[in-house]
Amino acid sequence: MIRKFNKNDFNKWSDLYKSYADFYNVPMNKVILDTLWEWIHDKNNIVNGICFELEGKIVGIAHYR
């Protein structure tokens, strides 16, 4: 199922996002994670996020503008 993130998804989202950053050798830290997470949930920001949930587990994420 594809759905929008909810506030309770932070830990799984951040694990997947950090893995993405590691794969592409992009620096990652708590400030970046917290900022992006805020943007995703801010209705006045153009950044959005969705996830793919399979059997109750988030297995994929996407960000878009």
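The values are calculated or read from the model by the stated rules, or taken from the named source; none is laboratory data. If you're wondering where the values come from, they're calculated on a predicted model, not measured in any experiment. Heads up, the Cβs are rebuilt from the backbone with ideal geometry, glycines too, and the neighbour counts pull from every protein chain shown. Ligands, DNA and RNA are stripped out before the accessible areas are found, and what is left, the full protein with its side chains, is counted by its heavy atoms. Shrake-Rupley method; radii C 1.70, N 1.55, O 1.52, S 1.80 Å.
Take the residues in region 20-64 that are β-branched (Val, Ile, Thr) and in contact (Cβ under 8 Å) with a residue 40 or more places away in the chain, then tell me which one is least open to solvent (accessible area, probe 1.4 Å). I'd like the intermediate steps shown before the answer.
From region 20-64, those β-branched (Val, Ile, Thr) are 26, 31-32, 35, 40, 46-47, 50, 58-59, 61; that's our starting set.
Still in the list and also in contact (Cβ under 8 Å) with a residue 40 or more places away in the chain: 50, 58, 61.
On the way: Ile50: 49, Ile58: 12, Ile61: 51 Å².
Restricting to residues being β-branched (Val, Ile, Thr) and in contact (Cβ under 8 Å) with a residue 40 or more places away in the chain, the top hit is Ile58.
For (1) in a helix (DSSP H, G or I); (2) under 10 Å from the mean Cα position of the chain (by Cα), each residue gets a yes or a no:
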position: Lys12; (1), (2): yes, yes
position: Asp15; (1), (2): yes, yes
position: Ser19; (1), (2): yes, no
position: Asp22; (1), (2): yes, no
position: Val26; (1), (2): no, no
position: Ile32; (1), (2): yes, no
position: Leu36; (1), (2): yes, yes
position: Ile40; (1), (2): yes, yes
position: Lys43; (1), (2): no, no
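Quick one: how many residues across region 1-19 are without any contact (Cβ under 8 Å) to a residue 40 or more places away in the chain and of a type outside the set (Ser, Thr, Tyr)?
Residues of region 1-19 without any contact (Cβ under 8 Å) to a residue 40 or more places away in the chain: 6-8, 10-11, 14-15, 18-19.
Adding the requirement that they be of a type outside the set (Ser, Thr, Tyr) leaves 6-8, 10-11, 15, 18.
Selection size over region 1-19: 7.
Among the residues of region 5-22, is there at least one that is out of contact with any strand residue (DSSP E or B) (no Cβ under 6 Å at 6 or more places or on another chain) and of a type in the set (A, V, I, L, M)?
Taking every residue of region 5-22 in turn, at least one turns out to be out of contact with any strand residue (DSSP E or B) (no Cβ under 6 Å at 6 or more places or on another chain) and of a type in the set (A, V, I, L, M).
Among (1) in a helix (DSSP H, G or I); (2) loosely packed, with under 15 Cβ neighbours inside 10 Å; (3) among the charged types (D, E, K, R), where does Arg3 come up short?
Looking at each condition in turn, Arg3 falls short on (1).
Only one of these conditions is not met by Ser14: (1) among the polar types (S, T, N, Q); (2) surrounded by fewer than 16 Cβ atoms within 10 Å (Cβ to Cβ); (3) touching a helix residue (DSSP H, G or I) at 6+ places or on another chain (Cβ under 8 Å). Which number is it?
So Ser14 meets the others, but not (2).
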